[in-house]
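To start, the structure under review is shown below, and the notes come after it.
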Amino acid sequence: MLKRLLSLLSAAVLALVLVVPLASADQQLKVFATIFPLYDFAREVGGDKVDLSMLLPPGVEAHTFEPKPQDIVRLNKADVFLYTGEFMEPWATNVLKGVTNKGLIAVDTSTGITLMNEAEHGHTHGKEGAVFEWAGVFELEAGEYVWSFAKVGGEYADLSMKMVIVTVDDASVHGIEENEGAAGGYFSGEVKEVKEGATLEPMKGAYQLAFDHSKPVSAFRVKIAQKGSYVVFTEHMPTEFEAGEHFLKNAKGENVEAKAEEPEAEHHHHGGKDPHIWLDLVLAQTMVDTIAQSFAQKDPTNSSFYQANAESYKARLKDLDARYAATLSTCQIRTIIYAGHFAFGYFAKRYKLDHVSPYKGFSPDAEPAPKSIKEIIDKIKSVGSNTIYYEELIDPKVARMIAGETGARLELLNGAHNVAKDQMTNLSYLKIMEANLLKLKDGLKCQ
Ligand SMILES: [Zn+2]
């Protein structure tokens, strides 16, 4: 009991220490916001009581931004750090570990918001019902290779596992995508059962690999008759069976790495959750509340000032949301043809719109596959659209190419991630969203 009381007491003391209020009432709150929407929300809520800066340089692409040591120095002098969340700023946790300023409060503005993953978008990329967890494409010389599965923590991750090995033309992620459909068919069709030590060869079908439970490692030989590119689909992640040794080796015992794999091993910018919450005018109101609360926590003297600003700003967001709902309920076309990375997932769900985009995932860092571009061209024709939307701050070369093929016209649908330096003062999130409404009304043929 005493122990519990003591720990409660120390938690209370800790809470007091963690939130160090400002030294004096006339001092401005020093605030850093990562991306433009957060910067603009903070500008509305904080007014002249905050000394506000954007952490990302104006105009840079937000998803591929990497902080510099200088950014830690900047945060060491700040009171509040606003970021969107771990899927928009995956680097935030590490940067915050480097910050020694105990007075800083880091605010995840996605707090209280349920993030959607890709499947919830109403538009999937052929992954729906996928029976394989992993695919990798390899460039292999003729010869024998060893694929091994190790017990991790004394157990195999599963009793057995399905695997498909097929020849492809293209040793890139496109080679994987082009064979996903066929591989899915093999996985759900008849399988060839093989025991530990068996030899596997590329074939139009799936193996069922049975592991030997008396051994710490079950190995299979992979026989490649001809030099070329091969894609391997596996029921589980190969790394689930890795206990120190790489899973694929050549005859010399050297590690063989995939040229490309899905899911991507290194660049997990978003880890499958959609970070673009700010484009939903209702979720934006939650973010504004979170920001106002953090300012009030750090600067209680001006708490009612922040609260009042938040309320009046939220009223403007609410008004625009109502106008969006009214306009978008009347559209003849209900599919947004988007040539960029699709940042409008929450937005589209809010107004029951569909969308098509050639990009996978939620970041513009991957080149779209030719197959996805063809899908878009077909979609433009089938929905009778004459407008392709493109994203801000990136040369719309994909959009131009599609426009060239279809005769559709290009319009900017601004995801507001960031703005150019000369627009920092005269542009705002609301102005961007007002312009987007006009563009959508026109392109989707609404009243
Ligand atoms: Zn984005």
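Of the listed peptides 163-173, 245-255, what is their order by residue-averaged count of other C-beta atoms within 10 Å, with the highest listed first? The partial results should precede the final answer.
Numbers: 163-173: 19.0, 245-255: 13.2.
Highest-to-lowest ranking by the protection proxy: 163-173, 245-255.
For region 127-252, state the semi-axes of the equivalent ellipsoid (square roots of 5 times the eigenvalues of the alpha-carbon gyration tensor), sorted largest first and rounded to whole angstrom.
Details: eigenvalues 95, 60, 35 Å².
Here the semi-axes work out to 22, 17, 13 Å.
With n ≥ 4 as the cut-off for DSSP H runs, can you work out [θ] at 222 nm for the chain, using -39500 (n - 2.57) per run divided by the number of residues, rounded to the nearest 500? Show your work: numbers first, answer last.
Working: 11 runs with 147 residues, N = 447.
Result for the chain: -10500 deg cm²/dmol, rounded to the nearest 500.
Compute and list, largest first, the equivalent-ellipsoid semi-axes of the chain from the alpha carbon gyration tensor, each √(5λ) rounded to a whole angstrom. It would help to have the intermediate numbers written out before the result.
Numbers: eigenvalues 412, 207, 65 Å².
Rounded to whole Å, the semi-axes are 45, 32, 18.
Picking from A369, L82, Q70, whose Cα lies most toward the positive end of the charge dipole for the chain (charges on Cβ: Lys, Arg +1; Asp, Glu -1)?
Farthest along the dipole direction, towards plus: L82.
Of the peptides 411-418, 177-184, how do they stack up when ordered by the mean number of other Cβ atoms within 10 Å, highest first?
On the way: 411-418: 22.6, 177-184: 18.1.
Highest to lowest by the protection proxy: 411-418, 177-184.
Please report the antiparallel percentage of the DSSP beta bridges confined to the chain, to the nearest 5. Before the final figure, lay out each step's value.
Working: 35 of 62 bridges.
If we restrict to bridges inside the chain, about 55 percent are antiparallel.
Classify region 328-443 as rounded, prolate or oblate from the Cα gyration tensor: take a ≥ b ≥ c as the square roots of its eigenvalues, call it rounded if a/c is under 1.5, otherwise prolate when a/b beats b/c and oblate if not.
oblate
Run down the aspartates and glutamates and flag those whose C-alpha is under 19 Å from the C-alpha of K431, throwing out any fewer than 8 positions away in its chain.
Output for K431: D40, E44, D280, E311, D319, D321, E391, E392, E411, D422, D442.
Let me have the relative contact order for region 210-330, percent, based on Cα pairs under 8 Å that are six or more residues apart. Walk me through the numbers on the way to the answer.
On the way: 42 pairs, mean separation 16.1, N = 121.
After rounding, I find 13 percent.
Given charges of +1 on the Cβ of Lys and Arg and -1 on the Cβ of Asp and Glu, with all other atoms neutral, how large is the dipole of the chain about its Cα centre, in debye to the nearest 20?
Details: 46 positive and 61 negative charges, 215 e Å.
About 1040 debye.
Given the pairs K352/K439; K352/K379; K273/K379; K77/K397; K204/K227; K352/K381, which are separated by over 29 angstrom at their Cα positions?
Working: K352/K439 17 Å; K352/K379 18 Å; K273/K379 25 Å; K77/K397 41 Å; K204/K227 18 Å; K352/K381 21 Å.
In this structure, K77/K397 exceed 29 Å between Cα atoms.
Run the reach check for K252 against aspartates and glutamates, Cα to Cα strictly under 17 Å, same-chain hits fewer than 8 apart removed. What comes back?
Within the straight-line cut-off, K252 pairs with E139, E141, E144.
Where does helix 370-383 land angle-wise versus the long Cα axis of the chain, in degrees 0 to 90, nearest 10?
60
Amide H of C446: which non-local residues (sequence gap of 5 or more, or other chain) have their own amide H closer than 5 Å, using H built in the peptide plane?
Q332
Among the aspartates and glutamates, which fall within straight-line cross-link reach of K97, defined as a Cα-Cα distance under 13 Å, with same-chain neighbours fewer than 8 residues apart omitted?
Counting by Cα, and skipping residues close in sequence, K97 has these aspartates and glutamates nearby: D71.
With θ set to phi - 60° and the Karplus curve 6.51 cos²θ - 1.76 cosθ + 1.60, what are the ³J(HN,Hα) couplings of region 75-89 in order, to the nearest whole Hz, using x for Gly and Pro?
Working through the residues one at a time gives 5, 5, 9, 9, 9, 9, 10, 9, 9, 6, x, 5, 8, 8, 10 Hz.
Taking Cα pairs under 8 Å and at least six residues apart, what relative contact order does the chain come out at, in percent?
Values: 820 pairs, mean separation 81.4, N = 447.
It comes to 18 percent, rounded to a whole number.
The numbers here are math on the coordinates, done by the rules we state, and not lab data. Source: prediction; values computed, not measured. Quick reminder, even Gly has a Cβ in these numbers, built from the backbone with ideal geometry, and neighbours come from all protein chains shown.
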